[in-house]
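Note sheet for the following structure.
What follows is calculated from the coordinates using simple rules that are stated; it is not laboratory data. Source: prediction; values computed, not measured. Cβ placement follows ideal geometry from the backbone for every residue including glycine, while neighbour counts extend to all protein chains displayed.
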């Protein structure tokens, strides 16, 4: 089954404790991206990757890091989480970025709470 | 600067009636428009799209209308079913941004049996 898999689904952590949220897709997609969803703010892009070893900032990149060493994986790293990073996070992928006919496929989300 | 506005945070409709979800945008460069649907505890899923060269696209019970001069699009669901209850996101894109999606804040649709 074609899918985007995120882990963990739920995570509670404390301020300053480094964490990684993993994302993997099995569709051989070139493009991957991370979003956060907050009440009243919709979906905002954090980082994206056009292909292996190519990453770029989205609209709200502060406090986050990503890497794209393999095509299928795109982990989101919070080096020193803060309470304002409490949010619902989604990983997404699409065949290529430049193909308008290629919709984004989303994972089921990771709910992160930073206390 | 909010480029995409879904001004109704929520909408409640009776089963069998029409649901109309609206989306306004300010960026005249947007040329491809998508709608995503999101159930609780799941990621958004692609629903329907429309290119700026069209003014209507239909897929079963779902129809999207585009009014470029008004920078307005709408999603019509007829007839509405309880299983349509979800959050709907409007997500335009443009070739200039390499078709990066800009999401609206979403509208929560509730279809009452």
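Need one value for A:86-98: mean number of C-beta atoms belonging to other chains within 10 Å of its residues' C-beta atoms. Write out the running numbers ahead of the final one.
Working: counts 0, 0, 2, 0, 4, 1, 3, 0, 3, 0, 2, 6, 4.
Neighbouring Cβ atoms belonging to other protein chains average 2 per residue here.
Once you sort the root eigenvalues of the Cα gyration tensor of segment B:32-112 as a ≥ b ≥ c, which label holds: rounded (a/c under 1.5), prolate (a/b larger than b/c) or oblate (the other case)?
Numbers: a/c = 2.20, a/b = 1.38, b/c = 1.59.
Oblate.
So in chain A, what percent of DSSP beta bridges are antiparallel if you round to the nearest 5? Walk me through the numbers on the way to the answer.
Details: 33 of 37 bridges.
Around 90 percent of the beta bridges assigned by DSSP in chain A are antiparallel ones.
In peptide A:100-107, what is the residue-averaged number of other protein chain Cβ atoms found within 10 Å of each Cβ? Could you put the intermediate results ahead of the total?
Values: counts 12, 4, 2, 10, 9, 4, 7, 2.
Whole-number average of other-chain Cβ neighbours for A:100-107 is 6.
Rank these for me by crowding, A:34, B:35, going from fewest to most other beta carbons within 10 Å.
Numbers: A:34 27, B:35 22.
Fewest-to-most Cβ neighbours within 10 Å comes out as B:35, A:34.
Can you compute the label reach from residue A:80? Point 7 Å from Cα along the Cβ direction, backbone N cut-off under 15 Å, restricted to segment A:8-42.
Flagged as within label range: A:14-19.
Cα centroids of segment B:70-92 and segment A:17-38: how far apart, whole angstrom?
26 Å
For the pair residue A:54/residue B:5, report the inter-label distance in nm, with labels modelled 7 Å from Cα in the Cβ direction.
The two pseudo-label positions are separated by 3.6 nm.
By the gyration tensor of its Cα atoms, with a ≥ b ≥ c the square roots of the eigenvalues, what is the shape of segment A:31-103: rounded for a/c under 1.5, prolate for a/b over b/c, or oblate?
oblate
In percent, what relative contact order does chain B have, based on Cα pairs under 8 Å that are 6 or more apart in sequence?
On the way: 273 pairs, mean separation 41.3, N = 113.
It rounds to 37 percent for chain B.
Hey, got the average number of other protein chain Cβ atoms within 10 angstrom for residues in B:96-104? Mind dumping the intermediate values first?
Details: counts 0, 1, 8, 9, 8, 10, 5, 8, 2.
The mean count of partner-chain Cβ atoms within 10 Å per residue comes to 6.
Taking R0 as 22 Å, what's the FRET efficiency between residue A:99 and residue B:69 from their Cβ-Cβ distance, rounded to 0.05?
Working: r = 27 Å, r/R0 = 1.24.
About 0.20, to the nearest 0.05.
At 7 Å along Cα-to-Cβ for each site, give me the label-to-label distance between residue B:46 and residue B:108 in nm.
About 2.8 nm separates the two model spin labels.
Just grab the label-to-label distance for residue A:14 and residue A:62, each label 7 Å out from Cα along the Cβ direction, in nm (one decimal).
Inter-label distance under the simple model: 2.6 nm.
Explain nothing, just the number: relative contact order of chain A, from Cα pairs under 8 Å at least 6 residues apart, as a whole percent.
On the way: 306 pairs, mean separation 41.1, N = 115.
Reported relative contact order: 36 percent.
Assign one of three labels to the protein assembly as shown, namely rounded, prolate or oblate, based on the Cα gyration tensor with a ≥ b ≥ c the square roots of its eigenvalues; rounded applies when a/c is under 1.5, prolate when it is not and a/b is larger than b/c, and oblate otherwise.
On the way: a/c = 1.86, a/b = 1.47, b/c = 1.27.
The shape class here is prolate.
How much length is gained on full extension from residue A:28 to residue A:88, taking 0.36 nm per residue of separation minus their Cα-Cα distance?
Working: separation 60, 0.36 × 60 = 21.60 nm, distance 2.50 nm.
Value of the extension gain: 19.1 nm.
Output the antiparallel fraction of DSSP beta bridges having both residues in the protein assembly as shown, as a percent to the nearest 5.
Working: 67 of 76 bridges.
Of all bridge pairs located within the protein assembly as shown, approximately 90 percent are antiparallel.
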